[in-house]
1. If you scan region 49-92, which residues turn out to be open to solvent by less than 60 Å² (accessible area, probe 1.4 Å), among the hydrophobic types (A, V, I, L, M, F, W, C) and either more than 18 Å from Val28 (Cα to Cα) or touching a residue at least 12 places away in the same chain (Cβ under 8 Å) (or both)?
2. Output the number of residues of region 1-49 satisfying the condition of being more than 21 Å from Tyr60 (Cβ to Cβ) and β-branched (Val, Ile, Thr).
3. For residues that are β-branched (Val, Ile, Thr) and assigned to a helix (DSSP H, G or I), scanning just region 35-48, find the one that is most open to solvent (accessible area, probe 1.4 Å).
4. Of the conditions (1) polar (S, T, N, Q); (2) touching a residue at least 24 places away in the same chain (Cβ under 8 Å); (3) part of a helix (DSSP H, G or I); (4) loosely packed, with under 14 Cβ neighbours inside 10 Å, Gln32 satisfies every one except a single condition; which number is it?
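The values are calculated or read from the model by the stated rules, or taken from the named source; none is laboratory data. In this text, all values refer to a predicted model and were calculated from it rather than measured experimentally. Cβ atoms come from the backbone with ideal geometry, glycine included; neighbour counts cover every protein chain shown. For accessibility, only protein heavy atoms count, side chains too; no ligands or nucleic acids. Shrake-Rupley method; radii C 1.70, N 1.55, O 1.52, S 1.80 Å.
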Amino acid sequence: MLTVTLYIRGNCPECDQARLYLDEIQAVIPHQLVVLDVDTDPALRESFQAKVPVIKIGPYQLSWPFTKQDLQISIGAAQDRAASYEQLGDENYQKRLARGHKLSDADRLTTWF
């Protein structure tokens, strides 16, 4: 399943709208949504500053303003790209995919606590 990352901040009407778009698209193109508040991490805050909401889908990134159609096209393109890599049996893609599913030692320690 495709992972879509939404970078937001609190009290952001545009962020709420982006989330609504993603919820509506979920019925058409199933995806896993990860929501990250940029204000909770200094590195993210520095990286995004006032440019939220931002959506990352595989190699694609959308910054506000975008439409629901823009978002749906980007998610569809990322899904098609992943399917192509799967079909071709691309070794580098398989390694990246496996690395994304593996828990690091830090992840294990955090989960333990």
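1. Val52, Val54, Ile55, Ile57, Leu62, Phe66, Leu71, Ile75, Ala77, Ala78, Ala82
2. 1
3. Start the filter on region 35-48 by keeping residues that are β-branched (Val, Ile, Thr), which leaves 35, 38, 40.
From what is left, the residues that are assigned to a helix (DSSP H, G or I) are 38, 40.
Details: Val38: 0, Thr40: 107 Å².
My answer is Thr40.
4. Unmet condition: (3).
For (1) modelled with pLDDT of 95 or more; (2) among the polar types (S, T, N, Q); (3) part of a loop (DSSP other than H, G, I, E, B), each residue gets a yes or a no:
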| position | (1), (2), (3) |
| --- | --- |
| Gln69 | yes, yes, no |
| Ala77 | no, no, no |
| Ser84 | no, yes, no |
| Arg99 | no, no, no |
| Ala106 | no, no, no |
